[in-house]
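Asker: So that we are looking at the same thing, I have put the structure below in structure tokens.
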Amino acid sequence: MDFSPIYNHHESEVIAEVAASADKFPEFSNEPDLLMDVACVALNRLPPRYIRHAVDYSFYLTEQERREVENSIKDAVAFAYAFVGARQSMKAER
């Protein structure tokens with residue numbers, strides 16, 4: 001049985017938000033590993049939403065739920081940038 005169509009809906013949304021927010025954090029611009037860390041931290045703050053088709057997920061959400069998910073993703077990414085940035089600062093001070 002092929003389970004490869006199953007994925008966490010938030011992955012693509014978080015990655016898009018990390019990329020869209022990267023301009024606000026120039027200290028991350030030459031550090032693709034840090035951007036991946038930001039994405040991982042953000043994803044770990046969100047409940048997983050496993051789906052097979054994006055349309056299935058969107059179809060069952062109300063407009064309010066959709067906005068709440070978008071806001072949760074933005075908040076998780078903002079937290080992740082701050083968290084990873086703070087860790088980098090601590091590392092640089094050593």
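Asker: Please work out if residue 23 is out of contact with any helix residue (DSSP H, G or I) (no Cβ under 8 Å at 6 or more places or on another chain) and assigned to a helix (DSSP H, G or I). Give the steps one after another, and end with the answer.
Answerer: Values: out of contact with any helix residue (DSSP H, G or I) (no Cβ under 8 Å at 6 or more places or on another chain): yes; assigned to a helix (DSSP H, G or I): yes.
Taking the combined requirement at face value, the residue satisfies it.
Asker: Which of the numbered conditions does residue 13 fail, given that it passes all the others? Conditions: (1) charged (D, E, K, R); (2) buried (at least 16 other Cβ atoms within 10 Å of the Cβ); (3) in a loop (DSSP other than H, G, I, E, B).
Answerer: Every listed condition holds for residue 13 apart from (3).
Asker: Taking residue 4 as the residue in question, decide whether it is surrounded by fewer than 12 Cβ atoms within 10 Å (Cβ to Cβ) and within 11 Å of the chain's Cα centre (by Cα).
Answerer: no
Taken together, the values in this text are just the output of simple stated rules run on the coordinates, not laboratory data. Only a predicted model underlies this, so the values are computations on that prediction, with no experimental measurement involved. Because the Cβ atoms are built from the backbone with ideal geometry, glycine has one as well, and the counts that use them run over all protein chains shown.
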